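Everything on this sheet refers to the single structure shown next.
The values are calculated or read from the model by the stated rules, or taken from the named source; none is laboratory data. These numbers were taken from a predicted model, which means no experiment stands behind them. Positions of Cβ are generated from backbone atoms using ideal geometry, with glycine treated the same way; all protein chains shown enter the neighbour counts. To get the accessible areas, we keep the full protein, side chains included, count just its heavy atoms, and leave off ligands, DNA and RNA. Shrake-Rupley method; radii C 1.70, N 1.55, O 1.52, S 1.80 Å.
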Amino acid sequence: MPSGYSISRRQLLKQGLLLGSIAAVPALGSQISKRPIITKPIPTSGQPLPIIGMGTWITFNVGQDIEARLKRTQVLKTFLEQGGQLVDSSPMYGSAEEVLGFCRQQLGQRADDLFSATKVWTSSTSEGRSQIDNSHRLWGLDKFNLFQVHNLVNWRDHLDTLFNMKAEGRLQYVGITTSHGRRHVDLEQIMKTQPIDFVQLTYHIDNRAVEKRLLPLAQDRGIAIIANRPFSGGDLFDDYEHQPLPEWSHEIDCHNWAQFFLKFVVSHPAITCAIPATSRVDHMLENMGALKGPLPEADMRKEMLKYVSRL
Amino acid sequence: MEDLFSYRLTDFLMFSEQTYWRLFSRYNQSIFPLPLLSLAFGLYCLYAFVAFKKIVIKPLLMLIALAWLWIGFRFFGQLYSEINVYAGYLAVLFWLQGLLLLSRSFKTVTYHAWFRHPFERYIGWVLWIMALLMLPLFEILLGKSMNATSSFALTPDSIAIVSIALVLILNIKPWWVLAAALWLMISTLTYWAMGSLLSLPPFITLLIYGWAHWLQKRNKTGDNPSI
Ligand SMILES: NC(=O)c1ccc[n+]([C@@H]2O[C@H](COP(=O)([O-])OP(=O)(O)OC[C@H]3O[C@@H](n4cnc5c(N)ncnc54)[C@H](OP(=O)(O)O)[C@@H]3O)[C@@H](O)[C@H]2O)c1
């Protein structure tokens, strides 16, 4: 096992995260592929979550542009048809939340299975509350599945607000986010001391800093992990796409680099799901391919790392 | 602090190049046929500069100032603010530049400006032509659709280039268009973060602006007394 995998079998079993225990359920409304999709349980509830979600940074920030909004509706429709559920956004992403609300409205009941995840992002506590109300309005939702404190901003007060909402039944899960490897020491403290359900952090094949402490800690504490920037914001394609995929990649059902990168991320036992962002239907189809077929096990993960390090 | 250094320019870019370009085509469509009129006006001014070597300065400065106010209101206040949470600050920057140029136009004592310093004037003309033709052509070359190109003196980069051209042509103090230089810096960085060669026109103009400052210091010239 790669370094940082010093977790016991008991811990893995506790969280139901052994690859063998991954639940397979049929893709929701999928006309395209009947293969089962891979889910992992959210540790605090056991609720199964498809391992590929969707981010909206940049890609869904298209303002009032109706043409672009309709294109994003197609992207979301494809995501849902392929069995995806978790959609992540934030008030920091310009018009992304409003555009998501538009797409949801266009898709009607077809968007009912969406797992809504957004954030609160402001240094002011009272503004945080109105931001939360605003997100409900923009998405057109009465209740979110997941609210996260964005980049640890004013996290004490916002976590209070969110825990209260959860206690009152107005929210299902509470989480906190960081990215690019920032503020890991603070995040570790929060994970040790706060009863959070989710942590969102950056993890991809070229940035595995979280493997050392945060991922084992999440397994220990029963916290779901969302991996953001699984393509390093697209940089991984610039770095590797011109190179051939290894021949053995078909063994884990990877037919393009997107699937290779994503399967590496979500095969880590501590990762609950990855949230790649795209503005394109063809890219969405590629990404959602990683939701099906076998996941690499520890030996294969080592091979994957060895292969990209040689390129 | 360590955190701050972990940010890259691209981390601040919250929209794609395509989305930014779409903003321009929506803006141009919303003001059509104004872009055609401003193009004709720009061509006429160029002809007047070259043929008569003088220009009706007060109304020209006023028009340019109004364009700054308009772009601040429509482009930044209404359109760009849809995709950039900081667009409001840019709107204010444009209004300030508009007000500055408006006040400069009130200061003019004569309607006709006579040009001095031929070399600076020529560079000013080149910038004028850049805003008029070279910038839109360059944009088309890099894949922008016709209707998304920079409209002469009606889009942010274009009005900034035109304003700096005027500084050189009329030999007025570069301080009068400081906000234009600030915008060009922001525009350069925006396109740079997108990895687009469209960062070149604002960057080159910025260099010329710096050069205009240096020239003014060296020649110890004040504002053109004729205007
Ligand atoms: N602090 C935080 O809370 C935080 C920070 C960062 C990110 N996030 C979340 O994580 C999400 C993902 O991160 P990210 O958007 O920064 O980066 P990412 O998902 O790693 O990469 C997105 C880029 O990859 C490209 N791409 C996607 N699928 C592709 C494919 N199959 N082939 C080729 N290119 C492809 C996209 O371009 P196309 O549009 O052309 O496909 C886009 O440019 C964000 O959207 C956001 O929701 C949260």
_Checking an interface number: how much accessible area is buried between B and A, summed over both chains, with a 1.4 Å probe, in Å² rounded to 100?_
1400
*By what distance, in whole Å, do the Cα atoms of chain B stretch along each of the three principal axes, largest value first?*
50, 45, 30
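Tell me the net charge near A:Leu107. Cut-off is 14 Å between Cβ atoms, A:Leu107 excluded, with +1 for each Lys or Arg and -1 for each Asp or Glu. Write down the numbers at each step before the final one.
Values: positive: A:Arg69, A:Lys71, A:Arg72, A:Lys77, A:Arg104, A:Arg110; negative: A:Glu81, A:Asp112, A:Asp113.
With Lys, Arg at +1 and Asp, Glu at -1, the net is +3.
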*Span from the the stretch A:188-234 Cα centroid across to the the stretch B:27-79 one, whole angstrom*: 53
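What does the charge add up to near B:Tyr191, with Lys and Arg as +1, Asp and Glu as -1, over the other residues with Cβ less than 13 Å from its Cβ?
Neighbour charge sum, excluding B:Tyr191 itself: -2.
If you stretched the chain out fully between A:Phe163 and A:Trp248, how much longer would it get, using 0.36 nm times the residue separation minus the C-alpha to C-alpha distance?
Stretched out fully, the A:Phe163 to A:Trp248 stretch lengthens by 26.0 nm.
Quick one: longest stretch of chain A between exposed loop GluC sites (Glu not before Pro), exposed meaning at most 14 other C-beta atoms within 10 Å and loop per DSSP?
Values: sites that count: A:Glu168, A:Glu241, A:Glu297.
With a cap of 14 other Cβ atoms within 10 Å, the longest stretch comes to A:1-167.
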*At 1.4 Å probe size, with every protein chain present, just tell me what the per residue accessible area of the protein assembly as shown comes to in Å².*
43
*Which one of B:Trp176, B:Pro35, B:Leu189 has its Cα pushed farthest toward the positive end of the charge dipole of the stretch B:33-216, where Lys and Arg give +1 and Asp and Glu give -1 at the Cβ?*
B:Trp176
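Work out the FRET efficiency for B:Trp214 and B:Ala40 from their Cβ-Cβ distance, taking R0 = 25 Å, and round it to the nearest 0.05.
Details: r = 34 Å, r/R0 = 1.38.
Taking R0 as 25 Å, the efficiency between B:Trp214 and B:Ala40 is 0.15.
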*When Lys and Arg each count +1 and Asp and Glu each count -1, what net charge do the other residues less than 12 Å away from B:Phe138, Cβ to Cβ, add up to?*
-1
*Using θ = phi - 60° and the Karplus form 6.51 cos²θ - 1.76 cosθ + 1.60, what ³J(HN,Hα) does each residue of the stretch A:61-75 get, whole Hz, x for Gly and Pro?*
8, 10, x, 8, 4, 5, 4, 5, 5, 5, 5, 5, 4, 5, 4
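Would you calculate a helix-derived [θ] at 222 nm for chain A, using -39,500 (n - 2.57) for each DSSP H run of n ≥ 4 and dividing by the full residue count, to the nearest 500? Provide the component values of the computation, followed by the final result.
Numbers: 11 runs with 118 residues, N = 311.
The helix contribution divided over chain A gives -11500 deg cm²/dmol.
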_Of A:Trp121, A:Phe163, A:His204, farthest towards positive along the dipole that unit charges on Lys, Arg, Asp, Glu beta carbons give the stretch A:48-310_ = A:Phe163
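Per the Kirkwood treatment, what hydrodynamic radius in Å, one decimal, follows for chain A from the mean inverse distance over all distinct Cα pairs? Write out the running numbers ahead of the final one.
Numbers: mean 1/r = 0.0513 Å⁻¹.
Evaluated over chain A, this radius sits at 19.5 Å.
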_Cut-off under 5 Å, modelled amide H: who pairs with A:Lys40 long-range_ = A:Leu49, A:Ile51
*For chain B, list the DSSP H helices whose alpha carbon atoms reach 27 Å or more along the long axis and whose average Kyte-Doolittle value is 0.0 or above?*
B:87-107, B:200-219
*Can you run the Rg to Rh ratio on the protein assembly as shown? Use alpha carbon positions and the Kirkwood inverse-distance Rh.*
1.07
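So if I place +1 on the C-beta of Lys and Arg and -1 on the C-beta of Asp and Glu, and nothing else carries charge, what would the dipole magnitude of the protein assembly as shown be about its Cα centre? I want it in debye, nearest 20. Display every interim value, and only then the final one.
Numbers: 50 positive and 41 negative charges, 234 e Å.
Value, rounded to 20: 1120 debye.
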*What is the stretch B:33-216's relative contact order, in percent, from Cα pairs under 8 angstrom and six or more apart in sequence?*
23
